[in-house]
Amino acid sequence: MEDLNNASPRPTAGGQTSSAHIHQSDVRFQRGVAPVSSPALPAARLTLPGVMDAEGRVDESRLRMHIFKNGGVSPSERGLVWRFLFGMYPCSSTALERSLLQEQLVERYRVMKRKWQQFLPSAVRLHLNGTDAELVAAVRYFDQRQAQAKLQTQDQPQEVQDRLAFLELQAQILDLSYYQGEGSGNLLVLRDILITYAAFHPDVSYAQGMNDLCSRFLEVLDSEVDTFWSFSCYMEKFSKDFRADGLHRKIELEAALLKELDPPLYAHLVTDNMESFTFCHRWLLLGFQREFEHSDALRLFEILSCDHLELISQQVDRARYQERLARRCSAEDSPKSKLQTINTAFTFELFICAAILLDNREFLLRCRDDVQLIQFTSSLQGTLDLNSTLKKAEHHLYNYCKRCAWDYMNGHCREHKSKDEDFLYQLRSLLVLK
Amino acid sequence: MAKQYDVLFRLLLLGDSGVGKTCLLCRFTDNEFHPSHISTIGVDFKMKTLVIDGIKVRIQIWDTAGQERYQTITKQYYRRAQGIFLVYDITSERSFQHIMKWASDVDEYAPEKVRKILVGNKSDEVDKRQVATEQGIKLAKAYGMDFFETSAFTNHNITETFTRLAEQVLAANKKDLDLLRMSVNDEINLAALEEEEGLCDSAAGDQGKGCWC
């Protein structure tokens with residue numbers, strides 16, 4: 001119990017080692033167009049201590065913990081790390097298996113890309129400037145074809161699925177050096193990746209903002225094929241947020257979280273004319289990619305993607321669940337454990353957002369309409385300090401978990417005063433901060 | 001501190017993604033043109049003050065993401081708009097056809113007396129033109145809107161377009177505004193009245209009855 005009391009949050013994600021990373025990644029390289037694939041990487045070794053075994057298998061939880069504790073990895077290692085982190089390379093694979101896998105992935109991507117290029121031959125030589133008449137015409141052709149297919153009967157759903165999405169990918173990411181000068185060809189690469197993704201995921205297709213995220217992958221992985229697969233893995237988890245019915249998901253969660261953390265601020269932000277947290281939408285959809293300085297934004301993307309805290313809090317939740325089950329089995333128990341549980345949908349990024357809001361609490365409380373809120377959002381672009389934001393977010397997350405745990409423990413201890421060891425151990429491991 | 005403007009209007013830019021809504025806005029408010037920009041996620045806005053008939057009109061122009069799926073976010077901004085730009089790209093037939101859809105959304109979600117104006121952007125791209133000027137004129141006429149072809153690139157008709165919509169909104173709100181003006185004049189009278197009321201109050205207090213307060 002005392003442990004719980006004294007468990008002061010010791011934020012680590014913004015640790016000291018990270019400052020060195022910032023300087024390194026500030027040095028931006030003027031590179032040419034990304035190669036299609038990177039055949040040397042399957043055999044490359046991670047230098048992080050104790051993460052990779054002799055055959056090249058990766059200890060996933062250690063990797064994730066490492067990323068979190070050190071506030072990201074060094075830019076030189078980032079490319080390889082992301083291939084594991086996002087799941088393009090299974091962590092359980094050996095270097096040998098990966099070289100085979102790499103060949104397969106290259107081939108599969110080639111086939112997929114060729115498929116849409118056949119359907120849309122003019123897209124192969126499209127130019128990037130402006131909305132393209134050819135592309136628009138081609139898309140209209142596909143729309144008509146789809147309409148016809150619908151009319152004919154629904155016998156060929158697969159055929160319909162080949163419909164291509166409209167991509168209005170203008171040269172949109174020119175603020176990054178990776179896409180300037182000789183690198184401007186990378187915009188074409190990016191477009192091919194996004195079209196391929198959209199073509200084979202008609203339910204998600206293309207949404208504004210995906211280009212922001214995908215460009216991060218391309219810049220870090222510097223390979224067309226690897227970017228496609230890593231981006232696809234990422235989208236498996238987050239594509240729902242890019243669909244019309246999912247755009248509100250994260251802002252609703254954020255509102256729910258703020259209701260827990262700061263009820264008065266929440267109440268103020270849900271009043272009329274505030275447009276219910278819409279001002280946070282871009283932050284959450286794009287993982288704060290426009291709010292932090294570029295190299296910090298990459299680092300944050302990496303930290304958020306390692307899900308370290310979420311995994312731990314899930315462990316705690318599971319332990320509690322098992323314990324509850326065990327108690328229910330012991331007959332005479334009344335099954336009324338309706339105590340507040342940790343909401344595992346509250347991911348770390350929501351706490352990052354909350355930290356920013358709470359940091360500006362007084363200002364937000366003075367805002368009287370959506371105009372001031374949007375102005376507030378714009379004023380923050382590129383100005384936030386990552387390390388201090390991480391620390392505060394971590395602090396809020398621990399406090400939240402601690403409070404939930406306390407509520408639970410209080411209720412629980414009134415009924416039972418024994419056999420909490422396993423649960424306590426898990427809790428301690430969370431609160432004392434691994 | 002003196003107020004920096006007399007009236008404030010909310011205008012909204014609508015139209016397909018890539019027609020140049022953000023570029024129009026940047027040209028108008030900052031006189032800048034970026035051939036490539038970061039796509040608008042959700043909504044954003046910029047402000048500018050115009051002087052129309054001696055009235056300082058502050059316009060707040062809301063920029064929206066054009067993609068259909070973002071409408072779940074952007075639609076909530078329609079209801080407080082007083083003027084709307086319906087923008088298409090003269091090099092994109094499709095964006096022109098979609099104006100009807102945008103217009104019907106406006107009918108559904110925006111206030112009844114909202115003023116609209118039709119804008120065909122990218123008029124500098126003569127070689128790629130797909131929508132004739134006459135088509136624009138015809139459509140605008142059918143909807144009872146004014147029409148401008150613009151180019152954010154060459155700064156053609158930009159100020160004219162924004163000013164025209166602001167004028168129309170101003171005219172539509174003229175009645176309210178006249179009332180406002182009167183009340184400005186009345187302020188002096190009102191102050192005098194209040195003084196009188198004060199006197200009245202104390203008098204009423206003295207009398208101890210016959211007062212509503």
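The values are calculated or read from the model by the stated rules, or taken from the named source; none is laboratory data. Please read these numbers as outputs of a predicted model, since none were measured by experiment. Cβ placement follows ideal geometry from the backbone for every residue including glycine, while neighbour counts extend to all protein chains displayed.
Test of understanding: among B:Asp124, B:Asp63, which residue is more than 18 Å from the chain's Cα centre (by Cα) and closer than 24 Å to B:Lys46 by Cβ?
B:Asp124
Quick one: A:Ala40 ticks every box in (1) without any contact (Cβ under 8 Å) to a residue 24 or more places away in the chain; (2) assigned by the TED database to the domain that holds A:Cys214; (3) of a type outside the set (Ser, Thr, Tyr) except a single one, so which number is it?
Condition not satisfied by A:Ala40: (2).
If you go through segment A:190-198 one residue at a time, do you hit one that is closer than 23 Å to A:Phe351 by Cβ, away from chain B (no Cβ under 14 Å) and part of a helix (DSSP H, G or I)?
No, the conditions are met nowhere in segment A:190-198.
When residues of segment B:26-53 are filtered for being in contact with a strand residue (DSSP E or B) (Cβ under 7 Å, 6 or more places away or on another chain), surrounded by 21 or more Cβ atoms within 10 Å (Cβ to Cβ) and under 18 Å from B:Ile73 (Cβ atoms), how many remain?
Residues meeting the conditions: 3.
With respect to the numbered conditions (1) at pLDDT 90 or above; (2) part of a loop (DSSP other than H, G, I, E, B), which one is the sole condition not fulfilled by A:Glu77?
(2)
Considering each residue of segment A:248-260, count those that are surrounded by fewer than 20 Cβ atoms within 10 Å (Cβ to Cβ) and either touching a helix residue (DSSP H, G or I) at 6+ places or on another chain (Cβ under 8 Å) or not assigned by the TED database to the domain that holds A:Cys401 (or both), and give that number.
6
Which residues, counting only those in segment A:361-391, are in a loop (DSSP other than H, G, I, E, B), within 14 Å of another protein chain (Cβ to nearest Cβ) and over 23 Å from the mean Cα position of the chain (by Cα)? Lay out the reasoning, then the answer.
Filtering segment A:361-391 down to residues in a loop (DSSP other than H, G, I, E, B) leaves A:367-369, A:381-385.
Retained after the next criterion (residues that are within 14 Å of another protein chain (Cβ to nearest Cβ)): A:368-369, A:381-382.
Within segment A:361-391, A:Arg368, A:Asp369 qualify.
In segment B:44-76, what count of residues is obtained for those that are under 28 Å from B:Glu160 (Cβ atoms), in contact (Cβ under 8 Å) with a residue 12 or more places away in the chain and more than 7 Å from every other protein chain (Cβ to nearest Cβ)?
Residues flagged as under 28 Å from B:Glu160 (Cβ atoms), in contact (Cβ under 8 Å) with a residue 12 or more places away in the chain and more than 7 Å from every other protein chain (Cβ to nearest Cβ) within segment B:44-76 amount to 18.
Checking the structure you have, find out if any residue of segment B:118-132 is more than 14 Å from chain A (Cβ to nearest Cβ), buried (at least 23 other Cβ atoms within 10 Å of the Cβ) and free of Cβ contacts under 8 Å to residues at least 60 places away in the same chain.
So far as segment B:118-132 goes, yes, one or more of its residues are more than 14 Å from chain A (Cβ to nearest Cβ), buried (at least 23 other Cβ atoms within 10 Å of the Cβ) and free of Cβ contacts under 8 Å to residues at least 60 places away in the same chain.
Give the residues of segment A:385-434 that are more than 20 Å from A:Asp307 (Cα to Cα) and either outside the structural domain of A:Leu258 (by the TED database) or modelled with pLDDT of 90 or more (or both), sorted by residue number.
Answer for segment A:385-434, where residues must be more than 20 Å from A:Asp307 (Cα to Cα) and either outside the structural domain of A:Leu258 (by the TED database) or modelled with pLDDT of 90 or more (or both): just A:Asp385.
With the structure loaded, tell me whether A:Val225 is in a loop (DSSP other than H, G, I, E, B), surrounded by 18 or more Cβ atoms within 10 Å (Cβ to Cβ) and either within 14 Å of chain B (Cβ to nearest Cβ) or touching a helix residue (DSSP H, G or I) at 6+ places or on another chain (Cβ under 7 Å) (or both) or whether it fails that test.
Answer is no for this residue.
Conditions (1) modelled with pLDDT under 90; (2) within 15 Å of the chain's Cα centre (by Cα); (3) of a type in the set (S, T, N, Q); (4) over 29 Å from A:Val204 (Cα atoms), marked per residue:
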residue	(1), (2), (3), (4)
B:Leu8	no, yes, no, yes
B:Leu14	no, yes, no, no
B:Glu68	yes, no, no, no
B:Thr72	yes, no, yes, no
B:Tyr88	no, no, no, no
B:Trp102	no, no, no, no
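Which number in (1) at pLDDT 95 or above; (2) surrounded by fewer than 16 Cβ atoms within 10 Å (Cβ to Cβ) marks the one condition that A:Gln381 misses?
For A:Gln381, the failing item is (1).
Output the residues belonging to segment B:83-104 that are within 14 Å of chain A (Cβ to nearest Cβ) and buried (at least 17 other Cβ atoms within 10 Å of the Cβ).
B:Val87, B:Tyr88, B:Asp89, B:Ile90, B:Thr91, B:Ser92, B:Glu93, B:Arg94, B:Ser95, B:Phe96, B:His98
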